[in-house]
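*Asks:* Before I ask anything, here is the structure I am working with.
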Amino acid sequence: MDMGIKGRKAIVCAASKGLGKGCAMALAEEGVDLVINARTKAELEATAEEIRKKHGVKVTPIAVDVTTDAGRKQVLAACPEPDIIVNNAGGPPPGDFRDWDRDAWIKAIDANMLTPIEFIKASVDGMMKRGFGRIVNITSSSVKAPIDILGLSNGARSGLTGFVAGLARQSRLASRNVTINNLLPGIFDTDRVTATLKGQAAKTGKSIEELKEARKATVPARRYGTLEEFGEVCAFLCSAQASYLTGQNILLDGGAYPGTY
Ligand code: NAP
């Protein structure tokens, strides 16, 4: 299916690897020009080159911390009139809520709530004027089914979800073909997940493979999600066809969420 977004311009945050890269790749496959960012310059530039070579689109890498004002300014300077924004950043660390002080909470809220809101604020009026806009926020299945040790993530991402639920439904956005949706990953095969498994292996004495198999067994699909399938759903949410789809939380979890709704 041609998604009708060839020649559009997208900002994809936190995209040198993992889910962000999956989204960047899928948008590039549709002919979208990209501004991608991450903090590690060499890795980001290598990803930019990989995307250019594979899909022949324009890719501008901006090596910044996207959770800072200065970082976001640089990204927006490289793409002042984005048609598409994929909001993403690293997730907060796990732990016990008794150990989290105000700084830990502010950091989580900055990364996983306020940074996406700042990008929305900077771009939505232009999108409305131009009559096309697609914003996708990468959040987490923890928004629907909280994960006890990820309280910082549960809290900060739920704040973003509540904000988006109200904004996306404003008729001045929806009637001008500007949509905002959230993509909620369950378990995907990324470096972040491997790092978590390494930590668990060190603690429990079990092998990474053993832990991975045990985790897979909790997913009805009996596997981890792939970056490609995550990216393809993101590209669909950004497509011309998805103009009537807004304010939704799309769970991509291989059937792991146990509820009816
Ligand atoms: P990943 O494989 O570790 O990739 C993270 C990407 O984000 C890298 O490109 C990283 O590059 C970049 N990044 C991190 N912090 C950044 C910052 N402050 N500014 C700019 N770029 C930054 O992680 P992932 O698994 O794709 O996860 C992406 C998001 O989805 C996270 O918030 C995670 O919590 C959430 N999530 C993931 C899963 C999963 O199964 N993978 C499930 C639920 C939720 P640099 O380090 O070089 O900046």
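*Asks:* Given an 8 Å cut-off on Cα distances and at least 6 residues of separation, report the relative contact order of the stretch 49-167 as a percent. Before the final figure, lay out the partial values.
*Replies:* Working: 115 pairs, mean separation 36.2, N = 119.
Once normalised by length, the contact order is 30 percent.
*Asks:* Now for a separate question. Per residue, how much accessible area does the stretch 26-148 show when a 1.4 Å probe rolls over the protein heavy atoms, in square angstrom?
*Replies:* On the way: 6020 Å² over 123 residues.
Each residue of the stretch 26-148 exposes 49 Å² on average to a 1.4 Å probe.
*Asks:* Work out from phi, with θ = phi - 60° and the Karplus expression 6.51 cos²θ - 1.76 cosθ + 1.60, the ³J(HN,Hα) of each residue of the stretch 181-198, listed in order in whole Hz, and give x for Gly and Pro.
*Replies:* 9, 10, 10, 10, x, x, 9, 10, 7, 10, 4, 4, 5, 4, 4, 5, 5, 4
*Asks:* Further, regarding this structure: Tally Lys and Arg at +1 and Asp and Glu at -1 over the other residues with C-beta under 14 Å from the C-beta of ASP83: what net charge comes out? Present the calculation step by step, with values, prior to reporting the outcome.
*Replies:* Numbers: positive: LYS6, ARG8, LYS9, LYS58, LYS129, ARG130, ARG134, ARG176; negative: GLU30, ASP33, GLU81, ASP125.
My count for the surroundings of ASP83 gives +4.
*Asks:* Taking K and R as +1 and D and E as -1, what net charge do the other residues with C-beta under 12 Å from the C-beta of GLU50 add up to? Please report the intermediate quantities before stating the final value.
*Replies:* Numbers: positive: LYS17, LYS21, ARG52, LYS53, LYS54; negative: GLU43, GLU45, GLU49.
Counting the neighbours of GLU50, the net charge comes to +2.
*Asks:* Over the chain, what is the relative contact order in whole percent, taking alpha-carbon pairs under 8 Å and six or more residues apart? Working shown, then result.
*Replies:* Working: 493 pairs, mean separation 57.6, N = 261.
Normalised by residue count, the contact order of the chain is 22 percent.
*Asks:* OK, next. Helix 69-78 sits at what angle to the longest principal axis of the chain, using alpha carbons and giving 0 to 90 degrees rounded to 10?
*Replies:* 40
*Asks:* Determine the sum of side-chain charges near THR204: Lys and Arg each +1, Asp and Glu each -1, restricted to other residues whose C-beta is under 12 angstrom from that of THR204.
*Replies:* Summing Lys/Arg as +1 and Asp/Glu as -1 gives +2.
*Asks:* Moving on. Once neighbouring chains are kept in place and the probe is 1.4 Å, which whole percent of the accessible area of the stretch 169-254 is contributed by carbon and sulfur? List each step's numbers first, then the result.
*Replies:* Details: 2460 of 4660 Å².
C and S atoms contribute 53 percent here.
*Asks:* What is the set of long-range amide H partners of THR179 at a cut-off below 5 Å, with H atoms built 1.01 Å from backbone N?
*Replies:* GLY133, ARG134, ILE135
*Asks:* For a protection proxy built on the mean count of beta-carbon atoms within 10 angstrom, sort 113-119, 148-154, 210-216 highest first, please. Numbers along the way, then the final one.
*Replies:* Numbers: 113-119: 21.3, 148-154: 18.0, 210-216: 14.6.
Output ranking for 113-119, 148-154, 210-216: 113-119, 148-154, 210-216.
*Asks:* Under a straight-distance cross-link criterion of Cα-Cα below 21 Å, which lysines are reachable from LYS6, leaving out those fewer than 8 residues away in the same chain?
*Replies:* By straight Cα distance, LYS6 reaches LYS21, LYS53, LYS54, LYS58, LYS129.
*Asks:* How large a share of the accessible area of the stretch 41-91, in percent, is made up of carbon and sulfur atoms when the probe is 1.4 Å and the other protein chains stay in place?
*Replies:* On the way: 1250 of 2520 Å².
Roughly 50 percent of what the probe reaches on the stretch 41-91 is carbon or sulfur.
*Asks:* Which one, VAL66, VAL193, VAL35, has the greatest fluctuation when you compute a Gaussian network model over the chain with C-alpha springs under 10 angstrom?
*Replies:* In the Gaussian network model the winner is VAL193.
*Asks:* Determine the percent antiparallel among the DSSP beta bridges restricted to the stretch 30-183, to the nearest 5. Please report the intermediate quantities before stating the final value.
*Replies:* Details: 0 of 15 bridges.
Of those bridges, close to 0 percent are antiparallel.
*Asks:* I would also like to ask the following. For THR194 and ILE106, what is the calculated FRET efficiency with R₀ set at 30 Å and r taken between the beta-carbons, to the nearest 0.05?
*Replies:* FRET efficiency, THR194 to ILE106: 0.60.
*Asks:* So what J values fall out for the stretch 52-61 if you push phi through Karplus, 6.51 cos²θ - 1.76 cosθ + 1.60 with θ = phi - 60°, rounded to Hz, Gly and Pro as x?
*Replies:* Karplus values, whole Hz, x for Gly and Pro: 4, 4, 6, 10, x, 8, 7, 10, 10, x.
The values are calculated or read from the model by the stated rules, or taken from the named source; none is laboratory data. These figures come from a predicted structure and were not determined experimentally. Don't worry about glycine lacking a Cβ; one is built from the backbone with ideal geometry, like all the others, and counts go over all protein chains shown. Areas reflect the complete protein model, heavy atoms only, side chains present, ligands, DNA and RNA absent. Shrake-Rupley method; radii C 1.70, N 1.55, O 1.52, S 1.80 Å.
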